[in-house]
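**Student:** Quick one: the structure is below, questions incoming.
The values are calculated or read from the model by the stated rules, or taken from the named source; none is laboratory data. Because the structure is a prediction, the values reported are computed rather than measured. Quick reminder, even Gly has a Cβ in these numbers, built from the backbone with ideal geometry, and neighbours come from all protein chains shown. Each accessible area value is taken on the protein alone, full model and side chains, heavy atoms only, with ligands, DNA and RNA left out. Shrake-Rupley method; radii C 1.70, N 1.55, O 1.52, S 1.80 Å.
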Amino acid sequence: MKKALASLLFALTLSAPAAAGGFGVVWNANDDGRGSLRQALDSANTIVILPWVGTIPASSTLIYDGHAPLTIIGTRQTVDGANLEDNLSPVLEVSQGADVYISKLTLDAGGGNENGPYNRLNPGGGKGLFVDVPLDRTGNVKVTLRDFTVRGTGNHGVHISDCTLDDDCGGGSGGGGDGSSAGVEVYLTRVTIEDSGNGKQDADGFRVDDRGPGDIYFYARRSVFFDNGADGVELDEGNEGDVIFNVARSRFEFNGEYCVVGEFVPGDDCDDDGEPDVDDAFDIDEAGPGGLYGTGRNLIIVDNFDEGLDFDEEDGDGIDIVLANIFGEGNEDETVKTSEEGEGDNIVRIRNITDDGDLEFEEEDGGIVGVTLIDSFVGDDLQIEADDGDPDTTDGFYRGVNTTVADELQFEGEIDIL
């Protein structure tokens with residue numbers, strides 16, 4: 001038995017990233033005390049949860065306040081946060097902006113409120129994983145999640161906050177708040193964020209706020225963002241720095257329904273133009289110096305309550321993205337919408353999108369908008385809008401190859417058809 005346990009611990013630690021600090025073993029499912037996850041977080045930064053440990057209850061937030069990188073290697077356990085003493089608190093908090101690596105673990109907030117699991121009629125509820133980045137953080141904050149699930153939160157499912165205003169940070173350049181010089185790197189593999197953000201307005205499945213000069217890099221593979229109250233994913237860069245995404249083989253479904261006007265009724269008196277409003281599958285807001293760049297491949301984007309992919313860039317270097325093999329259906333607004341306000345360009349290249357709705361691309365200042373569609377089907381309108389006020393200059397271009405637009409090409413400005 002001892003030999004088998006030693007072999008298991010050796011194998012598990014080999015799979016974890018190297019880190020300086022203590023090593024802890026979780027060998028029981030107690031809320032605290034010797035052998036518990038809480039005790040391990042107090043004394044170690046590399047933690048292995050043994051296979052016979054079952055569901056781990058958390059009566060209060062599990063906190064890691066170290067600076068060394070945190071590694072938690074689970075073996076398919078669930079941390080049950082349904083009975084947190086303060087149901088507005090996170091299940092797991094990394095309070096000093098340490099790098100994070102977590103595998104084979106579920107954080108379940110039990111619906112995020114005191115009225116029972118998945119009851120959306122009682123606003124409130126905490127987060128699943130909260131990474132708080134202090135102002136003196138440098139370098140990049142790296143968060144790696146593998147075979148990881150968050151469900152049942154009233155607030156954000158996962159929140160990485162490099163913003164002094166925390167939940168009041170808001171969006172875009174007008175969102176306010178300060179941030180550290182650090183950037184944020186996110187790596188998701190086989191991650192599921194579901195039924196999160198369903199107790200508070202504008203609470204997302206996965207949220208990154210950055211108000212400093214660093215970049216946001218977001219990588220996701222084989223991940224699912226389902227039934228989250230606001231955006232399935234929101235990346236919000238409100239200062240210097242780029243937003244770079246690389247997302248593949250992932251699904252965004254039924255996100256954005258939670259909207260409160262008076263008492264909560266799903267969708268009641270809320271739409272994509274109101275305040276408050278419904279939300280998107282994947283929302284990126286980049287404001288200030290920097291650009292928005294990335295690739296998305298093999299994505300399913302269905303039944304979201306506002307846009308599918310909603311990418312906005314303001315006062316920076318523009319948008320340059322590539323999308324391939326995209327299936328969109330049943331989204332209340334455009335499956336893909338990009339908007340650029342500033343001197344940069346809005347360049348989008350798409351191969352093989354099948355969509356039953358609209359696509360929309362906007363350039364609202366001095367740059368051009370350029371859209372290429374190859375081997376694609378657009379079930380409604382294709383809208384390309386740009387107008388710099390000068391009839392003698394080209395505002396943009398459209399190139400369609402083996403592509404069908406079932407309804408109308410709606411162009412505003414001098415758009416060349418190549």
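**Student:** Can you work out which of the residues in the range 373-418 that are in a loop (DSSP other than H, G, I, E, B) and among the hydrophobic types (A, V, I, L, M, F, W, C) is farthest from Thr354 (Cα to Cα)? Working first, answer last.
**Tutor:** Narrowing the range 373-418 to residues in a loop (DSSP other than H, G, I, E, B): 375-376, 379-381, 387-395, 402-403, 406-408, 413-414, 418.
Subsequent filtering for residues that are among the hydrophobic types (A, V, I, L, M, F, W, C) retains 406, 418.
On the way: Ala406: 11, Leu418: 22 Å.
In this case the residue turns out to be Leu418.
**Student:** Given the criterion over 22 Å from the mean Cα position of the chain (by Cα) and of a type in the set (Ser, Thr, Tyr), identify the matching residue among Ser95, Ser43.
**Tutor:** Working: Ser95 fails: over 22 Å from the mean Cα position of the chain (by Cα).
Residue meeting the stated conditions: Ser43.
**Student:** Give just the number: which of (1) open to solvent by 60 Å² or more (accessible area, probe 1.4 Å); (2) more than 14 Å from the chain's Cα centre (by Cα) does Glu257 not satisfy?
**Tutor:** (1)
**Student:** Check off (1) charged (D, E, K, R); (2) under 20 Å from Phe305 (Cα atoms); (3) open to solvent by 10 Å² or more (accessible area, probe 1.4 Å); (4) in contact (Cβ under 8 Å) with a residue 60 or more places away in the chain for Asp215 and give me the number that stays unchecked.
**Tutor:** If we test Asp215 against (1) charged (D, E, K, R); (2) under 20 Å from Phe305 (Cα atoms); (3) open to solvent by 10 Å² or more (accessible area, probe 1.4 Å); (4) in contact (Cβ under 8 Å) with a residue 60 or more places away in the chain, just (2) comes out false.
**Student:** Evaluate the following for Glu362: is it part of a strand (DSSP E or B) and of a type in the set (D, E, K, R)?
**Tutor:** Values: part of a strand (DSSP E or B): yes; of a type in the set (D, E, K, R): yes.
Taking the combined requirement at face value, the residue satisfies it.
**Student:** Okay, moving on. Scan the range 38-64 for residues that are more than 19 Å from Asp86 (Cα to Cα), in a loop (DSSP other than H, G, I, E, B) and of a type outside the set (Phe, Trp, Tyr) and jot them down.
**Tutor:** Filtering the range 38-64 down to residues more than 19 Å from Asp86 (Cα to Cα) leaves 39-55.
With in a loop (DSSP other than H, G, I, E, B) added as a condition, the list becomes 44-45, 50-55.
Answer for the range 38-64, where residues must be more than 19 Å from Asp86 (Cα to Cα), in a loop (DSSP other than H, G, I, E, B) and of a type outside the set (Phe, Trp, Tyr): Ala44, Asn45, Leu50, Pro51, Val53, Gly54, Thr55.
**Student:** Of everything in the range 52-92, what is among the hydroxyl-bearing types (Ser, Thr, Tyr), surrounded by fewer than 15 Cβ atoms within 10 Å (Cβ to Cβ) and at pLDDT 95 or above? Give them in sequence order. Please lay out each step first, then the result.
**Tutor:** Residues of the range 52-92 among the hydroxyl-bearing types (Ser, Thr, Tyr): 55, 59-61, 64, 71, 75, 78, 89.
Okay, now just the ones that are also surrounded by fewer than 15 Cβ atoms within 10 Å (Cβ to Cβ), so 55, 59.
Matches in the range 52-92: Thr55 only.
**Student:** Further question: Give me the residue from the range 201-211 that is out of contact with any His (no Cβ under 6 Å at 6 or more places or on another chain) and buried (at least 24 other Cβ atoms within 10 Å of the Cβ) and, out of that set, modelled with the lowest pLDDT.
**Tutor:** Ranking the qualifying residues of the range 201-211, first place goes to Arg211.
**Student:** Is it the case that Asp236 is crowded, with 24+ Cβ neighbours inside 10 Å, part of a strand (DSSP E or B) and in contact with a Cys (Cβ under 6 Å, 6 or more places away or on another chain)?
**Tutor:** Criteria not met by Asp236.
**Student:** Scan Glu185, Glu114 and give me the residue that is among the acidic types (Asp, Glu) and modelled with pLDDT under 95.
**Tutor:** That would be Glu114, the only listed residue that is among the acidic types (Asp, Glu) and modelled with pLDDT under 95.
Residue-by-condition table, conditions (1) at pLDDT 85 or above; (2) in contact with a helix residue (DSSP H, G or I) (Cβ under 7 Å, 6 or more places away or on another chain); (3) surrounded by fewer than 17 Cβ atoms within 10 Å (Cβ to Cβ):
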| residue | (1), (2), (3) |
| --- | --- |
| Gly262 | no, no, yes |
| Gly267 | no, no, yes |
| Cys270 | no, no, no |
| Pro276 | no, no, yes |
| Phe282 | yes, no, no |
| Asp285 | yes, no, no |
| Gly291 | yes, no, no |
| Gly296 | yes, no, no |
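**Student:** Would you say Asp358 is surrounded by fewer than 19 Cβ atoms within 10 Å (Cβ to Cβ), without any contact (Cβ under 8 Å) to a residue 60 or more places away in the chain and among the charged types (D, E, K, R)?
**Tutor:** no
**Student:** Listed residues Ile368, Ile350; which is buried (at least 19 other Cβ atoms within 10 Å of the Cβ), β-branched (Val, Ile, Thr) and either under 25 Å from the mean Cα position of the chain (by Cα) or closer than 26 Å to Gly232 by Cβ (or both)? Give the steps one after another, and end with the answer.
**Tutor:** Values: Ile368 fails: either under 25 Å from the mean Cα position of the chain (by Cα) or closer than 26 Å to Gly232 by Cβ (or both).
One residue alone meets the criteria, Ile350.
**Student:** Continuing with the same structure: Using beta carbons and a limit of 8 Å, which pairs, at least six apart or on different chains, have the first residue in the range 89-113 and at positive phi and the second one surrounded by fewer than 23 Cβ atoms within 10 Å (Cβ to Cβ) and of a type in the set (Val, Ile, Thr)?
**Tutor:** Every condition considered, the pairs that remain are Lys104/Ile73; Lys104/Thr75.
**Student:** Scan the range 29-37 and give yes if some residue there is open to solvent by less than 70 Å² (accessible area, probe 1.4 Å), of a type in the set (D, E, K, R) and either at pLDDT below 95 or in a helix (DSSP H, G or I) (or both), otherwise no.
**Tutor:** The answer is no, given that none of the residues of the range 29-37 is open to solvent by less than 70 Å² (accessible area, probe 1.4 Å), of a type in the set (D, E, K, R) and either at pLDDT below 95 or in a helix (DSSP H, G or I) (or both).
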